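The values are calculated or read from the model by the stated rules, or taken from the named source; none is laboratory data. Quick caveat, the model's predicted, so the values are computed rather than measured. Neighbour counts are summed over all protein chains in view; Cβ atoms, including those assigned to glycine, are modelled from backbone coordinates with ideal geometry.
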Amino acid sequence: MSQGTLFIVSAPSGAGKTTLVRELIESLDGIQVSVSHTTRARRRGEVNGVNYHFVETAEFEAMIARGEFFEHARVFDNYYGTSRPAVEAMLNAGQDVILEIDWQGARQVRSQMADAVSIFILPPSRDELERRLASRGTDEHATIARRMRDAVSEMSHYDEYDYLVINDDFTTALRELQSLVISRRLSLARVREAHGSLLAALLS
Ligand code: 5GP
């Protein structure tokens, strides 16, 4: 069985990453999202083990000490991390895996796995980003301004990624993400691994 590909997907809050990734994995077979661990409080509607594994800080730090994270970072005052054994098991089973992580985690993954594919999702304009951030809960000016600063800080790392997808029209952005996954599956290395006997037979 051929190894799956690891996809890193990053974006500022408000770019539509979570919805795009959800639709992406629903629309294709053989691809899963890694469920991260976090110390942040659970938001309304979030389910433990589905959106995140919600853990206490002490437990998270014990996992760091035991080397259980593939990558981990502090984002907005909370810890977030990707379980190494969980990701390795999915890749070894031939599944493609998506990590929805920030730029700090993306750097750590790239340094360990050179063939990981990294994708950054951008909003279509600054005005649209501001509008999307403003529509999330409180409309307090200072809160929106802080969210914008955080978003600009995340976006400043766009040039560390292999691919950029601009989420203006949702359907177009989804098709672009699907194309990236499918084109990777057609790469020489993956096809050669998956269809070695066909290639041997064709050349015999
Ligand atoms: P949120 O708390 O809004 O779900 O996520 C906040 C930020 O943490 C987002 O930028 C998200 O990509 C990032 N994040 C979520 N899980 C992980 C993870 O496992 N590792 C890293 N490095 N960042 C993560």
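Side notes on the structure shown:
- In the range 71-84, the residues that are within 14 Å of Q112 (Cβ to Cβ) form Cβ pairs under 6 Å with partners that are more than 6 Å from the ligand (Cβ to nearest atom) and β-branched (V, I, T), at six or more places apart or across chains, as follows: E71/V109.
- With respect to (1) surrounded by 18 or more Cβ atoms within 10 Å (Cβ to Cβ); (2) over 12 Å from the mean Cα position of the chain (by Cα); (3) away from the ligand (no atom under 13 Å from the Cβ), the lone exception for L24 is condition (2).
- Scanning the range 28-84 for residues that are of a type in the set (S, T, N, Q) and exposed (fewer than 11 other Cβ atoms within 10 Å of the Cβ) yields a single hit, T57.
- Complete set of residues in the range 7-42 that are part of a helix (DSSP H, G or I) and among the polar types (S, T, N, Q): T18, T19, S27
- Residues of the range 92-112 that are surrounded by fewer than 16 Cβ atoms within 10 Å (Cβ to Cβ) and touching a residue at least 12 places away in the same chain (Cβ under 8 Å): N92, A93, G94, Q112.
- When each of A116, A142 is tested for being more than 13 Å from the ligand (Cβ to nearest atom) and either under 20 Å from I31 (Cβ atoms) or in contact with a Gly (Cβ under 8 Å, 6 or more places away or on another chain) (or both), the lone residue that passes is A116.
- Pair list, Cβ < 8 Å and 6+ apart or interchain, from the range 42-69 residues that are under 18 Å from A86 (Cβ atoms) to residues that are part of a helix (DSSP H, G or I) and at pLDDT 95 or above: V55/M63; G67/R84; E68/R84; E68/P85; F69/M63; F69/R84
- Within the range 125-142, if we keep just the residues that are of a type outside the set (K, R) and surrounded by 15 or more Cβ atoms within 10 Å (Cβ to Cβ), the residue that is farthest from Y163 (Cα to Cα) turns out to be A134.
- Every listed requirement among (1) touching a Ser or Thr at 6+ places or on another chain (Cβ under 8 Å); (2) over 30 Å from A189 (Cα atoms); (3) among the small types (G, A, S) is met by S153 save one, (1).
- Residue in the range 66-84 that is away from the ligand (no atom under 12 Å from the Cβ), part of a helix (DSSP H, G or I) and modelled with pLDDT of 95 or more present: no
- Residue match in the range 171-194 (condition: of a type in the set (V, I, T) and in contact with a helix residue (DSSP H, G or I) (Cβ under 6 Å, 6 or more places away or on another chain)): no
- The residues of the range 27-59 that are more than 8 Å from the ligand (Cβ to nearest atom), of a type in the set (S, T, N, Q) and within 27 Å of R149 (Cβ to Cβ), listed by number, are T39, T57.
- Look at (1) assigned to a strand (DSSP E or B); (2) more than 10 Å from the ligand (Cβ to nearest atom); (3) of a type outside the set (S, T, Y) and you find that A89 fails only one, number (1).
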